[in-house]
Each structure stands twice: as structure tokens, then as C-alpha cells.
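Worksheet: one structure, shown below.
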Amino acid sequence: CGDIEINYKEKSMKVGDLTLKEGDDISIDGFVGEVINGHIDSRPSSVVRRYLHGETVQGSQSLVIFDKIMEWADHFREIKVYTNADLPEQCKQAIAFGAQGVGLCRTEHMFFGEDRINVVRSMILARTDEARNHALSKLLEMQREDFLGIFSVMDGKAVTIRCIDPPLHEFLPHTDAEIEDVAKELQQSPEEVKHAVEDYQEFNPMLGMR
């Protein structure tokens with residue numbers, strides 16, 4: 001690291017005769033800590049290809065080692081292994097790697113997607129019961145679909161569900177673009193939404209409304 005020269009003004013860095021600028025591609029080999037100039041095509045590991053994609057993998061030492069470690073773990077462990085998963089696809093991945101259930105399904109994580117967060121914000125910032133109930137009805141359908149998917153994937157295995165828990169400020173819009181999106185959803189002006197957000201500000205959100 002001592003050989004690296006960083007120019008914050010020009011957004012560039014130099015190592016020896018090599019200069020990299022913002023936007024240039026680099027590749028990183030996490031096994032040996034090597035940083036490589038340029039883009040290197042990669043593919044999922046043999047373990048992922050075998051267990052997640054169902055491919056037949058021949059001659060992979062990594063897969064042999066993984067299978068042996070998992071065999072030892074299953075033989076000696078005295079507890080069940082559960083996963084944290086919030087979406088059906090995450091449950092599929094966990095089951096493929098041997099999870100026996102979902103130890104924590106964090107309901108709030110279902111709503112942070114780009115296609116959902118504005119519906120949550122509209123529900124929080126709605127000025128009328130009608131507008132709030134309209135947003136809630138949308139969220140109900142989203143959540144119902146997610147839970148049906150999760151229970152289908154888990155096929156009778158245990159699923160522990162936590163109701164919405166994060167501090168309120170994590171759901172609120174903060175940037176001008178986010179505020180404008182919510183304003184369109186609520187058919188309000190950006191200024192009205194901004195004032196509503198300010199009304200919900202708390203001194204210590206972690207100990208405030210959740």
C-alpha cells in the first residue's frame with residue numbers, strides 16, 4: 001500500500017507506472033489478495049454450480065472439500081442449523097446448502113425493494129385513512145405473495161417471522177429524488193412531503209418509534 005499514490009482531485013490512483021482513474025475496471029482475486037488491472041470474466045464456484053444450479057461438476061477439489069466438511073458438521077453437530085432469509089429465493093439457497101429452517105424472517109426487509117419502498121413511505125406519510133388503507137392493501141398483496149413463496153419453498157420446515165422492527169427513519173425518504181417520488185404517489189407537493197418527513201424526525205431513532 002505504501003506504493004499507492006492517490007489524487008483525490010483528479011479521482012485517480014497510481015502504482016508504479018500504472019494509473020487508474022474513476023470508472024476503470026479492476027478484478028480482485030480474494031483467495032490470494034491480488035488486484036488485477038482490467039475485467040476478468042468469472043463464473044460461480046463449483047459448489048454453487050452443484051448445489052444451487054444443479055450442475056454435474058467433475059474433478060473439483062473445492063467441491064470435495066466442501067462435501068467433506070459438511071459431512072463432518074452433520075455427523076458431530078447437536079443443534080439444528082437455521083438461516084436468516086426474507087425472500088423465497090434466499091430460502092431456496094439456504095435449503096440447498098443444508099439449512100433446516102428459517103430462524104429469522106425479517107418482515108421489514110420485504111419492503112426495501114425499489115418497487116415497494118415508496119408504497120411503505122406512502123403508507124407512513126399518508127394524510128388520510130383512505131390513502132393509508134390504499135397503501136396497506138398494496139403491501140398486503142406483496143407480503144402475502146412473499147410468504148406463500150417462502151412457505152412453499154420451506155415445505156413444512158420451521159419459519160420464524162419477525163414483524164416490522166426497524167426504526168421509522170429507515171423507511172422515510174431522504175433525498176430530493178425520493179421525496180419527489182413519494183409526492184407523486186401521494187399526489188402532494190414535494191414541500192408537503194418534506195415537512196411531513198421532518199415531523200417524524202426523532203432525537204434517537206433507535207429508541208423511538210419502530
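None of the figures in this text is laboratory data; all of them are computed from the coordinates on show. Because the structure is a prediction, the values reported are computed rather than measured. Positions of Cβ are generated from backbone atoms using ideal geometry, with glycine treated the same way; all protein chains shown enter the neighbour counts.
Summary table below
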item: Computed log₁₀ I(q)/I(0) - Debye formula, equal Cα scatterers, no solvent, region 69-131, q 0.30 Å⁻¹; result: -1.19
item: Label corresponding to Cα extents along the principal axes in Å when calculated from the structure given, among (1) 63, 57, 31; (2) 61, 44, 37; (3) 68, 66, 25; result: (1)
item: 5 angstrom amide H check on GLY101, placed H, neighbours 5+ away; result: THR83
item: Cβ crowding within 10 Å averaged over residues, with 165-173, 110-118 ranked highest first; result: 165-173, 110-118
item: Size of electric dipole in the chain: Cβ of Lys, Arg +1 and of Asp, Glu -1, about Cα centre, debye, nearest 20; result: 820 debye
item: Protection proxy ranking, peptides 120-127, 53-60, 155-162, 174-181, average beta carbon neighbours within 10 Å, highest first; result: 120-127, 174-181, 155-162, 53-60
item: Ranked packing of 4-10, 144-150, 80-86, most packed first, by mean Cβ within 10 Å; result: 80-86, 144-150, 4-10
item: Whole-angstrom gap from region 72-91 to region 27-63, using each part's C-alpha centre; result: 23 Å
item: Computed helical MRE - 222 nm, the chain, DSSP H runs ≥ 4 contributing -39500 (n - 2.57), nearest 500; result: -13000 deg cm²/dmol
item: Of GLY23, VAL35, SER45, farthest towards positive along the dipole that unit charges on Lys, Arg, Asp, Glu beta carbons give the chain; result: SER45
item: Residue-wise HN-Hα coupling along region 175-190, computed from phi with Karplus coefficients 6.51, -1.76, 1.60 (Hz; x: Gly, Pro); result: 7, 4, 5, 5, 5, 5, 4, 5, 4, 5, 4, 8, 6, 10, 7, x
